[in-house]
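J.: Let me begin by handing over the structure; questions about it come next.
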Amino acid sequence: MEGINAKYVSKKISKTRWRPVSSSSLQQPDIFATGSWDNEDNSISIWSIGENGVSSMGDEFEGDPQLLCEYKHNGDVLDLQFLDQDRIVTASSTGAVTIFRHHHNSQTLSVSQLWERAHHYPCNNAPCTGVVCNSPEIVTVGEDGRIMLFRADQEGVLRTIEKADSSAIHAVTFLRTTEILTVNSIGQLKLWDFRQPGNEPSQILSLTGDRVPLHCVDRHPNQQHIVATGGQDGMLCIWDVRQGNMPISLMEAHTSEMWEVHFHPSNPGHLFSCSEDGSLLHWETSSNTDTPSFLQGGRNTSIISRSAIAPTGGNQSLINAWLTGDSSKGHLETTHMLPSQMLSVNSLDVLGQCLVCGTDGEAIYVNRHVPI
Amino acid sequence: MEEVDVEPTTTPIPGFDSNQKHLGFVWGPGDILVYETIYKASGGSAGGCPFVHEVRKDEDIYSPILRKLFNESHHIFVGLQRIREDLPSKNKKPQFVSISKNYRSVIRACMEELQQVAGIVSILLAVELIWNLCEVLFIDAAPAGSLVLHLLDWVRLHKADVDEKAREVLASESPAEHQAYWDVVISYVLQGRMDEARQVLVKQAALQPAARVMFKLLDNLLMKMPIFNPGETQTLTEFDVKWRHWREEVDHCLQDQSFASNRHLEDICKILVGDEDVLLEYKELLSTWYHFLVTRLLFSHPTVKPTELHYYAQSSMHMFLDTRSVPEPLDSILLAAFEFDIHQVIKDCSIALNNWWFVGHLTDLLDHCKLLQSHNLHFGSNLREFLLLEYASGLFTHHSLWQLAVDYFDHCPEFGRVYLELQIERVPLDTERKALKVIRICEQRQMTEQVRSICKIMAKKALRNNRLGSALSWSIRAKDAAFATLISERFLQDYCAKGTFSDLDLIDNLGPAMLLSDRLTFLGKYREFHRLYGEKRFSDAAKLLLSLMTAKIAPHSFWMTLLTDALPLLEQKEVIFSADQTHELMFCLEELTSGKSVPTPDRPMQDEDIETTKIELLRLALARNLAMAIVKEGTVEV
């Protein structure tokens, strides 16, 4: 029986990301970064679980995330990515793109580079909504409909695609080293090829029918043409960008906006999505579907709040078992990974067997034994 | 108007002299804006002051550690509301007790983190103390017998320094000679912890082998003290009998002067008999009147009934406290609790604390336990709802915690929705993401007016920044046809001005959204016409163009442009428009020009010329096309 610990951090969390571990080592990730939003003083913070950080008091809350360092951030953190082991890029609601450096020895953060008006309207700032990196290149997108290409350690802008979109671009991901895919608020996926000059996308894909704004996109780790998107209506779509206009599959996932979707980087048969409705789903493609997982082995998750010294005993409304649901496709299983009655889960990240997510309830949840 | 219960506190405004000037003010949701007026107190006016002061009553919601309290308790609150109503109350009591314990553990967790900030810690301590007592008396509602035991637990939990002292004493080289040794022993006895007292006494006994008999006797008495066990089959009367029997034995020992040689042991014995004078001698160890009360009950009236509590509570307080000292708010609250006057408890807490958190959650829990009679307040809603509304309104003023307040409003059946409707529109919307969350909240509660107004705000913002695509997606969300029309007008204006469309990616991919407004449909179709023309599918383009005018999709103002677009089609070598279609075009042209027969004086001559030239060109082209069409249609292939 594994529990998910809730750690209350007094700030609404907009993004959580694991620090990448080198692919050669078989270690589990132990450090993650979070960004906050909707606060008068937003900040990015670095946390540690496990032996690396300061040891927590008492053994009951082993694995409780410990704060290593924090740094003030101007504006909401709308996106956050690790550029490499030491540097983090953030996208801000003030339109700025910042690179922070994490100094391991002193456990401090400092600003390494800042592009202040990366995204702007003619008269004021536009929020920068997404950032993705392929070290040393950084691509950012914003509500101003621009795509910007930067290089870390270089002052200026490498390339700007002006008027890339007439609506706000919500997320971006790399398809190949020179191709990116963006999703926008009128429900379109656009492919951009940096080798080509000009401001036109090389391909536009969208659902026929209601154009629902798309909020997140992620590429399959091994197959570069398979992409998953999630949008305002909470539907999960899997696309094949080589084939025309129709997604491969459409699945009802959540009851409100899906904020993030991630393929598991090493086990792509697993997909994770989180949503405004407070749920985090784990999608599994399994080979045998005769017995749903709640009959196999009776896994049970209970939420252990950090402050609950007295065990809650028989209070069923606070303890939740892993729920399962069948999707319309017979060989796909979904499980809820968090208890119900939560505020929006804004962000999740999964690496190895560890999952971290942040919510509007000002809490971070870490699960170190994700069944994959 | 009601009388005020306490004198209101005065907050001085820095830099303001109330003798000189009048102060102006306006109420905000959780604060007051105050400014110096130009009016002097003595009449007349003088120069103004540029400052506006914001006076806030509740600073607590801005404390980062207390925020955890708000968030965690919100989670518990929502869970409590969802407990099913149809379960019999017998099954619900343990649930309510555990929820109460949850709330308390959240408070304790906060206290641990807040150790540095003394002021708030003492308030939280008091809050937890009161809550714990309410849990014991109201929610758990222990009957006689268990009541004293629960109260003992309550006191023990809040007098943790005994264990610290004991550790210190036992860790020292010679515990029995430690300065605080007897304090520890007596404190244990006062708290009814006989086993621990005995363990510590043993050390002393070892030091004084001569008095071994005495120590053995006391040890025996302590061991034999009967404790009521609610689980066993022993009834209250049986326990009472046993207890009296034991007490007589202790009394006997006292009369016998068995402990006369050792003052401490004698005191312990007197305490066991419930001698109040001796108890009062140890005021410092007891430190509070309620500790005194519980100890008194333990040794004099262990079978006290809940209804009898308040006699003892009042008398204990009087005996313990100096008659001269003013009772603290905490004391009167606890006294009210012992008197089972829930409303008084809530009222006093509301006055004493500056944040509605405690009273709101406690009242809600008590209401769920059906302990509050429905008390109709002057404002129409009941006490629970009133307090929750106040609490949630306070939360709404916070830049971040407003999201929690939504759930509280949801569970206020009478006024919650109205409050929410008013407050949600005032949440500042800096980014699209925040606006989406606010809209989602409104949509889930069918607040269509608010959805529409928020979408309109966002759409107007987008339009001002020339983000037509964003503006359109907001109007689609709000199903706002009027705004969609506005946006299409902008597109068409751009086209007329520049000759090309901007934002083709949007217009080309409108999809079913096109049907939201007529103008938008026209825009989409018009763009389609251009595309067909570009692909050289002239007959399809021609048909589309005609239908745009005849089906009245196109606005009249645009007809000239459409007809001008028709020109190249008319000028083609092969005949594209059929005779019928040409007739229709001519009809449209006539309709257009008949309205323009009178030249307006404010239009410059040049424009007029251009207009007439265009019309003449059109007429010529149409005539020629008609001729060719008639010939073509009339020709019979041989």
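J.: Just need the Rg to Rh number for the protein assembly as shown, please, alpha carbons only, Kirkwood Rh.
T.: Checking Rg against Rh, the ratio lands at 1.11.
J.: Give a residue-ordered list of calculated ³J(HN,Hα) values for the stretch A:347-363 (Karplus: 6.51 cos²θ - 1.76 cosθ + 1.60, θ = phi - 60°; whole Hz; x for Gly, Pro).
T.: Couplings: 7, 9, 8, 9, 8, x, 10, 10, 10, 10, 9, x, 10, 6, x, 6, 10 Hz.
J.: Quick one: ranking A:M235, A:M342 by accessible area, 1.4 Å probe, largest first, what do you get?
T.: Largest accessible area first, the residues go A:M235, A:M342.
J.: Note down the nm distance, to one decimal, between modelled labels 7 Å out along Cα→Cβ at B:D219 and at B:A551.
T.: 10.4 nm
J.: Rounded to the nearest 0.05, what FRET efficiency is calculated for A:S249 and B:D540 with R0 set to 30 Å and r the Cβ-Cβ distance?
T.: Efficiency, from the Cβ-Cβ distance: 0.30.
J.: Explain nothing, just compute: Karplus ³J(HN,Hα) = 6.51 cos²θ - 1.76 cosθ + 1.60, θ = phi - 60°, for every residue of the stretch B:542-556 in order, whole Hz, x for Gly and Pro.
T.: 4, 4, 4, 4, 4, 5, 4, 7, 6, 6, 6, 6, 7, x, 4
J.: Given all pairs of different Cα atoms, what value in angstroms does the Kirkwood hydrodynamic radius of chain B take?
T.: 33.0 Å
J.: Then there's this: 222 nm [θ] for chain B, helices only, -39500 (n - 2.57) per DSSP H run of 4+, per residue, to 500?
T.: -20500 deg cm²/dmol
J.: Identify the residues of the stretch B:139-157 with backbone N under 11 Å of a label point that sits 7 angstrom from the Cα of B:K93 along the Cα-to-Cβ direction, or state none.
T.: Once the point is set 7 Å along Cα→Cβ of B:K93, B:139-144 turn out to lie under 11 Å by backbone N, inside the stretch B:139-157.
J.: Enter the accessible area of A:H73 (Å², nearest 10), with the probe set to 1.4 Å and all protein chains included.
T.: Near enough 10 Å² of accessible area.
J.: Inverting the mean 1/r over all pairs of different Cα atoms, compute the Kirkwood radius of the stretch B:440-505 and quote it in Å.
T.: Its Kirkwood hydrodynamic radius stands at 12.4 Å.
J.: For the residue pair B:L371 and B:K242, what label-to-label distance in nm results when each label sits 7 Å from Cα along the Cα-to-beta-carbon direction?
T.: 2.9 nm
J.: Mind checking A:251-258 for the average number of partner chain beta-carbons within 10 Å of each residue's beta-carbon?
T.: 2
J.: Moving on to the next point. Can you give the average number of partner chain beta-carbon atoms within 10 Å of each beta-carbon in peptide B:462-475, as a whole number?
T.: What the average comes to for B:462-475 is 6.
J.: Hey, what angle do you get for helix B:448-464 against the long axis of chain B, alpha-carbon based, 0 to 90 degrees rounded to 10?
T.: Long axis of B:448-464 versus the principal axis of chain B: about 60 degrees.
J.: A further question follows. Counting pairs of alpha carbon atoms under 8 Å apart in space and at least six apart in sequence, what relative contact order in percent does chain B give?
T.: That works out to 8 percent.
J.: Still on this structure: Once A and B are treated as a pair rather than alone, how much accessible area drops out, both sides summed, in Å² to 100, probe 1.4 Å?
T.: The contact between B and A buries close to 4700 Å².
J.: Ranked from highest to lowest mean number of other Cβ atoms within 10 Å per residue, what is the order of the peptides B:299-312, A:257-270?
T.: A:257-270, B:299-312
J.: About the Cα centre of the protein assembly as shown, how large is the charge dipole given +1 on each Lys and Arg Cβ and -1 on each Asp and Glu Cβ? Please answer in debye to the nearest 20.
T.: The dipole of the protein assembly as shown has a size of about 1820 debye.
J.: If you count only protein heavy atoms with a 1.4 Å probe, what accessible area per residue comes out for the protein assembly as shown, rounded to a whole Å²?
T.: 46 Å²
J.: While we're looking at this one, here's another question. Relative to the first principal axis of the alpha-carbon coordinates of chain B, what is the inclination of helix B:329-338, with its axis defined by its Cα atoms, in degrees from 0 to 90 and to the nearest 10?
T.: 80 degrees
J.: Mind giving me the FRET efficiency for A:Q66 and B:D17? R0 is 41 Å, r the Cβ-Cβ distance, nearest 0.05 is fine.
T.: For A:Q66 and B:D17, the calculated efficiency is 0.20.
J.: If you count, for every residue in A:210-216, the Cβ atoms of partner chains within 10 Å of its Cβ, what is the mean?
T.: 4
J.: Return the FRET efficiency for the residue pair B:E449, B:E489: r is the Cβ-Cβ distance, R0 is 25 Å, and the value is rounded to the nearest 0.05.
T.: 0.50
J.: Between the alpha-carbon centers of the stretch B:235-250 and the stretch A:109-140, tell me the distance in whole angstrom.
T.: Answer, in whole Å: 79.
J.: Check cross-link reach from B:K224 to the lysines: straight Cα distance under 19 Å, and skip same-chain residues fewer than eight apart.
T.: Of all the lysines, those that pass the test against B:K224 - Cα under 19 Å, at least 8 places apart if same chain - are B:K216, B:K242, B:K270.
J.: May I ask for the net charge around A:M148, where only other residues with Cβ less than 14 Å from the Cβ of A:M148 are counted and Lys, Arg are +1 while Asp, Glu are -1?
T.: -3
The values are calculated or read from the model by the stated rules, or taken from the named source; none is laboratory data. If you're wondering where the values come from, they're calculated on a predicted model, not measured in any experiment. Neighbour counts run over all protein chains shown; Cβ positions are idealised from the backbone, glycine included. For accessibility, only protein heavy atoms count, side chains too; no ligands or nucleic acids. Shrake-Rupley method; radii C 1.70, N 1.55, O 1.52, S 1.80 Å.
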